[in-house]
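Every read-out reported here was derived from the displayed coordinates using simple, explicitly stated rules and does not represent laboratory data. Treat the numbers as computed from the prediction; the structure is a model and nothing was measured. When we count neighbours, we look across all protein chains shown, and the Cβ atoms used for this are built from the backbone with ideal geometry, even at glycine.
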Amino acid sequence: MDSQKTYTVNEAQKKLESYCAYQERCHKEVRAKLRDMKMIPEAIDVILVHLIQHNYLNEERFAKAFVSGKFRIKKWGKNRLVRELKFRDISKYSIDAALKEIDLEDYIKTLDELTLKRIAQVTEKNSYKKKKKVADYLLYRGWESHLVYEKLSEYIK
């Protein structure tokens, strides 16, 4: 059974190299993976240093990939992106660098499309209730409130 297997530092290092090469990972994920593999803290530190030095692990690169993916695919706003990255213990520097990658025009266009799509889905007749339902949806996805309310007053009279 795999959960009983013990690893040498070298074996764990190789396993984590492919784990990190497969997709971008944050330090927190890698540390958790090593803990699950029953590695001792000293070994975890040695392996983390190796992964960082050999560029398998790069916080800023992870943040940029995360932001670009979640923005494009899940259409998350900046607030949600920041919250999720902070939860993964990503530094403010890396978060800021990743958010700079989002093109402002794309950002506004995405909010626009999301707003119109949601307005079409909400069947509420009362315009205040409709506005609230659409706003709640957009705010939950992490869009900044001033942008959300700007869009809503544009589309719902």
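The table below gives the values:
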| item | result |
| --- | --- |
| Under 14 Å between alpha carbons - lysine pairs in region 2-53 that sit 8 or more apart or on different chains | 6 |
| Karplus 3J(HN,Hα) series, Hz, for region 66-78 with 6.51 cos²θ - 1.76 cosθ + 1.60 (x for Gly, Pro) | 4, 4, 5, x, 5, 6, 5, 8, 8, 6, 7, x, 4 |
| Within a Gaussian network of the chain (alpha carbon springs, distance under 10 Å), most fluctuating of 13, 121, 23 | 121 |
| Helical mean residue ellipticity (222 nm; -39500 (n - 2.57) per DSSP H run of 4+; nearest 500) of the chain | -22000 deg cm²/dmol |
| Region 2-53: Rg to Rh, with Rh as the Kirkwood radius over Cα pairs | 0.92 |
| Rh (Kirkwood; distinct C-alpha pairs) - the chain, Å | 18.0 |
| Value of Rg/Rh across region 104-155 [Cα atoms, Kirkwood radius] | 0.94 |
| Relative contact order [Cα under 8 Å, 6+ residues apart], the chain, whole percent | 21 |
| Cβ-based charge dipole, the chain, positive-most Cα from 39, 152, 26 | 152 |
